[in-house]
Amino acid sequence: MYVDFVSSSSRCMTIPKHMPLCYGIGYTEMRIPNLLEHETMAEVIQQSSSWLPLLARECHPDARIFLCSLFAPICLEGDRLIKPCRSLCESVRNSCAPIMACYGYPWPEILKCDQFPMDHGMCISTITNSTSSRRTVPRASCRDCELDEVSGAKEILDTFCTNDFIVKVRITKRNTTSSSVSDFDMDSKVDILKHGPLSRADLFPRLQQWLDLDATCVQNIMRGTRTGTYVIGGDVQDDKLVVNNAYPWQKKNKNLHFAVKKWKHHRCRS
């Protein structure tokens with residue numbers, strides 16, 4: 001691993017629970033100032049939270065490791081800092097930068113990969129490979145998580161069959177200018193049409209987690225509206241929800257209303 005020695009002002013601090021980017025990453029203490037020169041924990045939490053929507057898009061399996069090596073470098077003895085390898089930065093950048101560009105965000109200068117060391121066993125290298133990762137190809141794309149146009153009832157029912165879960169939920173955007181997590185509220189009454197491998201009780205907190213961590217997806221679905229009701233379907237992956245389809249629940253969408261009503265007695269083709 002590539003090691004730098006830090007100034008005497010550097011100190012070890014416990015990674016707080018309200019830093020979801022790096023809490024539970026595999027170690028419990030981090031150094032401040034970090035490799036991005038953030039001086040306080042409040043600054044680290046605020047700046048790191050803006051990356052949560054990108055992680056939710058699953059643009060690269062090692063994106064979290066890369067970002068946490070910068071935001072929350074592991075606390076080692078002797079005031080040492082370990083940098084990410086250039087190859088790790090380039091791999092994450094090549095997968096994630098196109099997704100960021102979809103939403104108008106360039107790869108930031110502060111994360112330029114040529115500032116990191118070449119691979120030589122003394123830096124943090126790529127963790128995931130083709131044998132250890134179940135997902136070697138990112139699922140994210142510029143067209144990911146958009147509001148579906150309502151089609152025929154049969155096509156909607158077929159879509160319901162292919163998803164792990166289907167719910168009807170009312171979502172409201174909070175009156176806030178923040179671009180970080182927890183910008184959306186969910187009505188406590190959720191109509192669960194299909195809960196898949198999760199229990200009904202477990203599905204609700206997973207939906208709240210999706211609202212908190214995948215703000216980009218929620219914004220795409222809501223299309224600038226402040227409140228709306230949607231029929232949402234997707235898959236359960238590692239106890240997280242990945243939304244595949246979302247339909248607006250409106251009176252004019254008669255095929256959607258019919259499909260939801262018929263779903264209870266519908267038999268999916270094997």
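FYI, it's all coordinate maths here, none of it is from the lab. Predicted model only: the values in this text are computed from it and were never measured. Cβ: placed from backbone, ideal geometry, glycine included. Neighbour counts: every protein chain shown.
Results, tabulated for the structure shown:
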quantity	calculated
Most to least packed among 188-196, 210-218, 229-237 [average Cβ atoms within 10 Å]	210-218, 229-237, 188-196
Dimensionless Rg ratio for the range 153-263, taking C-alpha atoms and the 2.2 N^0.38 Å reference	1.03
Inverse mean reciprocal Cα-Cα distance (Kirkwood Rh) of the chain, Å	20.4
Estimated [θ] at 222 nm from DSSP helical runs (n ≥ 4, -39500 (n - 2.57)) normalised by residues in the chain, nearest 500	-9000 deg cm²/dmol
Cα-based helix-to-principal-axis angle, 254-263 vs the chain, degrees rounded to 10	90
Violating pairs (Cα-Cα greater than 23 angstrom) within the set LYS154/LYS252; LYS17/LYS189; LYS112/LYS173; LYS173/LYS264; LYS240/LYS262	LYS17/LYS189; LYS112/LYS173; LYS173/LYS264; LYS240/LYS262
Cα→Cβ-extended label distance, 7 Å offset, between MET118 and LYS154, nm	6.1
Nearest-ten-degree value, helix 200-213 long axis tilted from longest Cα axis of the chain	50
Paramagnetic label zone (point 7 Å from Cα along Cα-to-C-beta, CYS161; backbone N under 20 Å) in the range 252-270	255-270
